[in-house]
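The values are calculated or read from the model by the stated rules, or taken from the named source; none is laboratory data. The structure displayed is predicted, hence computed values, not measured ones. Here the Cβ is made from the backbone with ideal geometry for all residues, glycine too, and neighbour counts use every protein chain on show.
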Amino acid sequence: MPKDSGIGASSKRREDVRFLTGVGNYTDDINMHGQTYAYFLRSEVAHGKINNLDIADASAMPGVLKIFTADDLTAAGGVPCGWQVTDRFGNPMQEPKHPILAEGKVRHVGDPIACVVAETLEQARDAAEAIELDIEELEAVIDMKAALNDGATKVHDDLDNNLCYDWGFVEENRDAVDEAIKNAHHVTTLELTNNRLVPNPMEPRVAIGDYSRGKDEYTLYTTSQNPHVIRLLMGAFVLSIPEHKLRVVAPDVGGGFGSKIYHYAEEAMVTFASKVVNRPVKWTCSRSEAFVSDAHGRDHVTKIELAMDENHMFTAVRTETYANMGAYLSTFAPSIPTWLHGTLMAGNYKTPLVYVNVKAVFTNTVPVDAYRGAGRPEATYQLERVVDKAARELGVDPAELRRKNFIKPEEFPYQTPVAVVYDTGNYHATLDKGLEMVDYANFDKRVAESKARGKLRGLGIAHFIEACGIAPSNLVGQLGARAGLYESATVRVNATGGLVVMTGSHSHGQGHETSFAQVVADMIGIDENMVEIVHGDTNNAPMGMGTYGSRSIAVGGSAMVRATEKIIAKAKKVASHLLEASEGDIELKDGAFSVAGTDKSITWGEVCLAAYVPHNYPLEDLEPGLEETAFYDPSNFTYPSGAYICEVEVDEETGKVDILGFTAADDFGNVINPMIVEGQVHGGVAQGIGQAMLENTVYDENGQLLTGSYMDYAMPRAADVPNFSVDHSCVTPCTHNPLGVKGCGEAGAIGSPPAVVNAVIDALHRGGHTHVEHIDMPVSPARVWAAINNK
Amino acid sequence: MHNFELVKPTTVEEAVAALQGDDAQPLSGGQTLIPTMKQRLAGSEQLVSLTGIASMQGVTISGSTITIGGATTHATVSAEVAATYPALSALAGRIGDPAVRNRGTIGGSVANNDPAACYPSAVLASGATVVTNSREIAADDFFQGMFATDLEEGEIITAVRFPVPEKASYQKFEQPASRFSLVGVFVAKFADGVRVAVTGAGEDGVFRWAEAEAALSANFSAAAVEALDLPSEALITDLHGTAEYRAHLIKVLTKRGVNEAV
Ligand SMILES: Cc1cc2nc3c(=O)[nH]c(=O)nc-3n(C[C@H](O)[C@H](O)[C@H](O)COP(=O)(O)OP(=O)(O)OC[C@H]3O[C@@H](n4cnc5c(N)ncnc54)[C@H](O)[C@@H]3O)c2cc1C
């Protein structure tokens, strides 16, 4: 029975009222008294030496308050990196300085050189055009493998070479994996590229720095997924502002997909500038600028080998990946191809031996960091592609090969050979569910129907696993994280019974204001509308780590549950006093406290009022008030998984692929709001289809971005995606968080790309084009046609 | 965007006069010009808006001739020629999105002669006449290569006059990002022969495919095209498709156009 409120109910998203009626409050909606405008002069070349940067004439232009260059920032630190990876020889990664403004050299198209602050944006732009800039162009390093050649031009002169790290995992298994592959009955090999993506959230980045001379305090308004993290990184490492003198506000944020996790140079620049010019300084990124200044995603080149025995059981997986870091290390960049990628290379399978090698490379391109899924889509893509290819080579059903190698339901908790322990899962159930939803048994009939219309039909399966909830602080600390990864919540009950929950999680499209309220209301048994969720302001919420890695409900939600439990425990003490009963006999149900076995009861509101008007109150034993804070640090990641199945039709003549159906059968553990979960899957799958079919970031050999606008960078649109069939009825609750939830934010983007590509390859094989083993994403018409025709 | 003066004449004569000034340029729907000005890649000191000139608005159908005012939007064209010239209506109805179709105009599109634009193929395949404030230009003389036309400085397209073919079809294969044509083929069958114009593919912009025209004039069937091979020299190679792929698409789309012509 669907519920109509609380946990499990599809409550309508309350935040949508303001988003859909145009009364949201995004950073660009904020306009301050005396506000000035910042404009960044950015490099037009990928690699160059600044021979002359003369701002004298430009500084005299109308409306200009100040033009900043690196010379003004000598006291500031570089933009920090939040994760240190240790290479397979035990050495720390090479970590270059990432200056706020270029120091003598530019290293990618879009690298900021100067920041003009003026009365109006147009004046700032005019002045930027008047800056005299002489850059001596240097050879650009674009191709990752070429970047590692001896004698290759270096992106950073002070590093040994362009190799950030050479990482091996699990290093002790290296020889055993080699041996297993050598002795295997069959080895399937695949080389593939995980295409570089530009994140493109609907709202471009914006930052406003506001310095208060009266209080010697700074406020930064910014489009961030984690304002506390920005406060910590920028305050401590860049501008040396103590946290009590720095407030960071991330109001409504229009999508992030990872790209708004990081601390960016522009944030530090406007904050710093606001003190110098003693006025608020606003920077609004244009869409064109976002293409060359938002951290990009993916960009892996991989070779994967899958070894099997005569019974088709997987015996080993070996992968070698080149991961593009771009010109500088963005906040979490080093962790993405390593810990968020290597630890997932067992997938859903019982493969006993896994070895993952990753070479992270500096190039003269925009920095690369997490993008929806972050490392896990890269792992899933190669694994699910190679399993598909193996099934074809062995002549077996791809669903059957997967089923055979899956970890069995009774084998959980399951220790993988890549460090992590999967707490729960039932991959057979999700795969069977997905196959039932697509009517797998009758697929051949649909193939014949398509054939009659002159089209090739194909079906592709992918079964993904991800690690979410990022995660136990002590573990990530050992792995090189320079931050903790708990979450916090403060639950403040007001005297008349309403609640405000201040969470360190940040909502930028996920609907937390609705689903978080459902949880708290359900625990107390009151109406959801009595609970307000507040987030995005370091002055309100306790120190929190923010939203990414599908961690909000699993970690932030758990913190909120813990704080609410404390509230309930204290409220029961108050109730026991008011009801003159012993605390152990007090029960809370439907918003009322009662004494077990009696008809004595008192309402939630009465207890709250007593806590704030403590006339009849056990003051000697209990503090007045009803406000509690909890920090929650999970003991493990969570492991959502699911079967993603795509059906396509290929037009042989033109190479055009149409997606006819897309089915997702997920195990997200317990689900708080099914409608919101379904929406998260829809969005994720749409992005996954975008990656698989349309999106690609192309640099030419000189480091010019050829896909720098929507004229050449293809975003998915409504007509590019089918109606989705989504299910999450297969539930194995997470065992180590109080809600039993696993997280659903990234799943769609992780599971869908291999399903799409597998479907296209399947269609081509069914159509007799058996020479086509692989097509790199995006599987554009031109690429499909070229593959069919061996071009 | 740099500052500029905007003039809003109500007659062609006023517009022509306003365009005599230094650094003046016509502005029609602004769907091409305004974005480039915002990026500071183009711009003039004076923009002369053409959309307030009544004589440049609307569609007149007389016998088998359609005359479309230079400042008529794609949406209006699509609606008004639906019965008389369905292929042209379909072309106009698939340009960009509703916002673009309700601002962008035929004159702006033809004057701009973007190598991937749709209208130039219709103008060329129909053997249409481009009418300006001072003369009439045959389509075959008008298009002069990528973004280049026979228009002189300050000359305005006031109308485009289309003879209506017996049947025609526009086949647009979209470039995945811009949704302009990666290749577009317009096939038009007249009593005295067939014209085939190709957009999106030529290094010199829109062009006629003479071999296909000859073959189809003799035998208007897809089979007639089958035997032809369009060389890929002089075709565009870019990140969305090679010259070879474009050559192949031209043939496929021509055949489809013949099959679907109405
Ligand atoms: C999102 C988007 C998608 C699009 N998709 C397509 C598509 O699929 N297919 C397609 O064909 N086009 C497409 N376009 C282009 C669109 O059709 C433009 O409207 C058209 O190319 C220009 O027409 P305009 O009236 O907007 O001209 P403007 O932008 O006003 O002017 C363009 C140029 O022509 C000059 N000019 C304008 N009118 C005249 C005139 N009467 N005489 C002489 N010179 C003149 C101007 O000075 C300027 O140089 C798209 C545009 C956008 C923004």
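Is at least one residue of segment A:341-350 charged (D, E, K, R) and under 22 Å from A:I461 (Cα atoms)?
Initially, segment A:341-350 is screened for residues charged (D, E, K, R), giving A:350.
When the remaining residues are screened for being under 22 Å from A:I461 (Cα atoms), the result is A:350.
Yes, segment A:341-350 contains a residue that is charged (D, E, K, R) and under 22 Å from A:I461 (Cα atoms).
If the requirement is being away from chain B (no Cβ under 14 Å) and surrounded by fewer than 19 Cβ atoms within 10 Å (Cβ to Cβ), which of these qualifies: A:G110, A:G151?
On the way: A:G110 fails: surrounded by fewer than 19 Cβ atoms within 10 Å (Cβ to Cβ).
Exactly one residue qualifies, and that residue is A:G151.
Does any residue in segment B:8-33 that is within 14 Å of another protein chain (Cβ to nearest Cβ) and more than 9 Å from B:G154 (Cβ to Cβ) come within less than 6 Å, Cβ to Cβ, of a residue that is of a type in the set (A, V, I, L, M) and within 9 Å of the ligand (Cβ to nearest atom) six or more places away or on a different chain, and which pairs are these?
B:Q31/B:V100
Restricting segment B:100-118 to residues that are within 14 Å of chain A (Cβ to nearest Cβ) and of a type in the set (A, V, I, L, M), which is farthest from the ligand (Cβ to nearest atom)?
Out of the qualifying residues, it is B:A116.
Among the candidates A:V731, A:V677, single out the residue that is more than 25 Å from A:A295 (Cβ to Cβ), part of a helix (DSSP H, G or I) and modelled with pLDDT of 95 or more. Reasoning before the result, please.
Details: A:V731 fails: part of a helix (DSSP H, G or I).
Going through A:V731, A:V677 in turn, just one is more than 25 Å from A:A295 (Cβ to Cβ), part of a helix (DSSP H, G or I) and modelled with pLDDT of 95 or more: A:V677.
Show the residue pairs that are 6+ apart or on different chains and have beta-carbon atoms under 9 Å apart, the first residue being within segment A:119-135 and at the interface with chain B (Cβ under 10 Å from one of its Cβ atoms), the second being at pLDDT 95 or above and in a helix (DSSP H, G or I).
A:D126/A:A58; A:E129/A:A58
Counting just the residues of segment A:105-127 that are aliphatic (A, V, I, L, M) and over 12 Å from A:V45 (Cα atoms), which one comes out farthest from the chain's Cα centre (by Cα)?
Looking only at segment A:105-127, we keep the residues that are aliphatic (A, V, I, L, M), and these are A:106, A:109, A:113-114, A:116-118, A:121, A:124, A:127.
Checking which are over 12 Å from A:V45 (Cα atoms) leaves us with A:114, A:116-118, A:121, A:124, A:127.
On the way: A:A114: 30, A:V116: 32, A:V117: 32, A:A118: 35, A:L121: 32, A:A124: 34, A:A127: 37 Å.
So, considering only residues that are aliphatic (A, V, I, L, M) and over 12 Å from A:V45 (Cα atoms), the one farthest from the chain's Cα centre (by Cα) is A:A127.
Please state which of the following conditions A:L41 fails to meet, knowing it meets all the rest: (1) surrounded by fewer than 20 Cβ atoms within 10 Å (Cβ to Cβ); (2) over 25 Å from A:V229 (Cβ atoms).
Answer for A:L41: the failing condition is (1).
If you take just the strands (runs of 3 or more DSSP E) that sit entirely in segment A:579-659, which of them hold at least 3 residues that are more than 30 Å from A:L479 (Cα to Cα) and touching a helix residue (DSSP H, G or I) at 6+ places or on another chain (Cβ under 8 Å)?
A:592-595, A:641-651
If the Cβ limit is 6 Å and pairs must be 6+ apart or interchain, which residue in segment B:235-247 that is polar (S, T, N, Q) pairs with which residue that is assigned to a helix (DSSP H, G or I)?
B:T237/B:A243
What is the one condition in (1) over 27 Å from B:K8 (Cα atoms); (2) near the ligand (Cβ under 8 Å from one of its atoms); (3) of a type outside the set (A, V, I, L, M, F, W, C); (4) away from chain A (no Cβ under 14 Å) that B:R94 does not satisfy?
Single failed check for B:R94: (4).
Look through segment B:170-201, keep the residues that are more than 13 Å from chain A (Cβ to nearest Cβ) and surrounded by fewer than 24 Cβ atoms within 10 Å (Cβ to Cβ), and return whichever of them is nearest to B:E213 (Cα to Cα).
B:G193
Being surrounded by 19 or more Cβ atoms within 10 Å (Cβ to Cβ) and more than 6 Å from the ligand (Cβ to nearest atom) is the filter; apply it to segment B:15-36 and report the residue that is nearest to B:M1 (Cα to Cα).
B:A24
Taking A:V493, is it hydrophobic (A, V, I, L, M, F, W, C), surrounded by 24 or more Cβ atoms within 10 Å (Cβ to Cβ) and at pLDDT 95 or above? If you could, list the steps in order and put the result at the bottom.
Details: hydrophobic (A, V, I, L, M, F, W, C): yes; surrounded by 24 or more Cβ atoms within 10 Å (Cβ to Cβ): yes; at pLDDT 95 or above: yes.
Spelling it out, A:V493 is indeed hydrophobic (A, V, I, L, M, F, W, C), surrounded by 24 or more Cβ atoms within 10 Å (Cβ to Cβ) and at pLDDT 95 or above.
Checking the condition more than 10 Å from the ligand (Cβ to nearest atom) and assigned to a strand (DSSP E or B), which residue from B:T67, B:T84, B:T76 passes? If you could, list the steps in order and put the result at the bottom.
Details: B:T84 fails: assigned to a strand (DSSP E or B); B:T76 fails: assigned to a strand (DSSP E or B).
After applying the criteria, what remains is B:T67.
Just name the residue that is nearest to the ligand (Cβ to nearest atom) out of those in segment B:37-64 that are among the β-branched types (V, I, T) and part of a strand (DSSP E or B).
If we filter segment B:37-64 for residues that are among the β-branched types (V, I, T), which is where we start, we get B:48, B:51, B:53, B:59-61.
Filter once more, keeping what is part of a strand (DSSP E or B): B:48, B:59-61.
Working: B:V48: 8, B:V59: 15, B:T60: 17, B:I61: 20 Å.
Step by step, filter segment B:37-64, then rank; the result is B:V48.
Does segment A:64-71 include one or more residues that are farther than 30 Å from A:P96 by Cα and of a type outside the set (S, T, Y)?
If we filter segment A:64-71 for residues that are farther than 30 Å from A:P96 by Cα, which is where we start, we get A:64-65.
So of that shortlist, the ones also of a type outside the set (S, T, Y) come out as A:64-65.
Scanning segment A:64-71 turns up at least one residue that is farther than 30 Å from A:P96 by Cα and of a type outside the set (S, T, Y).
Checking A:T331 against (1) in a loop (DSSP other than H, G, I, E, B); (2) surrounded by fewer than 24 Cβ atoms within 10 Å (Cβ to Cβ): exactly one of these is not met. Which one?
(2)
Those residues that are closer than 20 Å to A:S505 by Cα and hydrophobic (A, V, I, L, M, F, W, C), I need them from segment A:604-649; list them, please.
Going through segment A:604-649, the residues closer than 20 Å to A:S505 by Cα turn out to be A:627-640.
Across segment A:604-649, the qualifying residues are A:A630, A:F631, A:F637.
Condition check ((1) at pLDDT 95 or above; (2) part of a helix (DSSP H, G or I); (3) away from every other protein chain (no Cβ under 14 Å)) across all residues:
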| position | (1), (2), (3) |
| --- | --- |
| A:P716 | yes, no, no |
| A:P738 | yes, no, yes |
| A:A749 | yes, yes, yes |
| A:P753 | yes, yes, yes |
| A:I761 | yes, yes, yes |
| A:E773 | yes, no, yes |
| A:M777 | yes, no, no |
| A:W785 | yes, yes, no |
